[in-house]
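The structure appears below as structure tokens.
The values are calculated or read from the model by the stated rules, or taken from the named source; none is laboratory data. The structure displayed is predicted, hence computed values, not measured ones. Cβ placement follows ideal geometry from the backbone for every residue including glycine, while neighbour counts extend to all protein chains displayed. Each accessible area value is taken on the protein alone, full model and side chains, heavy atoms only, with ligands, DNA and RNA left out. Shrake-Rupley method; radii C 1.70, N 1.55, O 1.52, S 1.80 Å.
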Amino acid sequence: MFTLGQETGDDWWEVEALYDTCFAPGRTALSSYRLREDVPPVPELCVVARDEMGVMGGAIRYWPVQVGGAAVLLLGPVAVHPTAQGEGLGGALIRDTLARAVEAGHARVLLVGDAPYYRRFGFEQISGVFMPPPTNPDRILALNLYDHAWDGVRGEVERIS
């Protein structure tokens, strides 16, 4: 059984170690990391999952970006420790934080990922939104947090300075 809670400053390096465990060594070279450099994540949407012993089993972060001047949340990374995979923890982290995003008044979410997995949360491929290269455009997925939030929002995904 895992408990979800907001990430704290004390969790930062443990979360980074989890990401190192779950992702390839070159993860920070991905284009999405260029959008995160020197930009703090959205604190209320950075969530960790800990078991009853306090061991971190999963983590998720969101970052502020903009597309065509509109505010957008960039979801990721989301990671579940290999020993906890297959238990629905990743889904719980995504559902919990999407609900938090709605409560906080955010309108739209973007991610780079596998459509078959993220479709269950309502994400769909979006055209006219461009991540920095070399991102595969088929992996750019978007979610409206309220009806039609992505309508008319198109362009390059850019860092918030």
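Quick look at the values:
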item: Burial ranking of peptide ranges 97-103, 48-54 (average Cβ count within 10 Å, highest at the top); result: 97-103, 48-54
item: Semi-axis lengths, Å, segment 43-115, gyration tensor of Cα atoms, sqrt of 5 times eigenvalues; result: 25, 13, 10
item: Residue-count net charge about Val157 - beta-carbon cut-off 13 Å; Lys, Arg +1, Asp, Glu -1; result: +4
item: Segment 36-132, accessible surface, carbon-and-sulfur percent (1.4 angstrom probe); result: 52 percent
item: Rounded to whole Hz, the Karplus (6.51, -1.76, 1.60) HN-Hα couplings of segment 56-64, x for glycine and proline; result: 6, x, x, 7, 9, 9, 10, 10, x
item: Residues whose placed amide H lies under 5 Å from that of Arg108, excluding near-sequence neighbours; result: Leu73, Leu145
item: For the chain: accessible area per residue (Å², 1.4 Å); result: 52 Å²
item: Arg95 versus Thr135: modelled label distance in nm, points set 7 Å from Cα along the beta carbon direction; result: 2.7 nm
item: Summed residue charge, Cβ within 12 Å of Ala142's Cβ, Lys/Arg positive, Asp/Glu negative; result: +2
item: In order through segment 46-51: 3J(HN,Hα) via Karplus (6.51 cos²θ - 1.76 cosθ + 1.60), integer Hz, x for Gly, Pro; result: 9, 10, 10, 10, 10, 7
item: Using a Förster distance of 22 Å, the FRET efficiency for Glu52-Trp13 (Cβ separation, nearest 0.05); result: 0.50
item: Linear extension gain, Asp151 paired with Thr21, 0.36 nm per residue minus alpha-carbon span; result: 43.1 nm
item: Hz values of 3J(HN,Hα) by residue in segment 119-133 - Karplus curve (6.51, -1.76, 1.60), Gly and Pro given as x; result: 4, 4, 9, x, 6, 9, 4, 10, 9, x, 10, 10, 7, x, x
item: Which labelled figure in [x] -0.31; [y] -0.21; [z] -0.25 is log10 I(q)/I(0) by the Debye sum over Cα atoms at q = 0.08 Å⁻¹, once derived from the coordinates; result: [y]
item: 14 Å beta-carbon shell around Trp12, net charge (K/R +1, D/E -1); result: -4
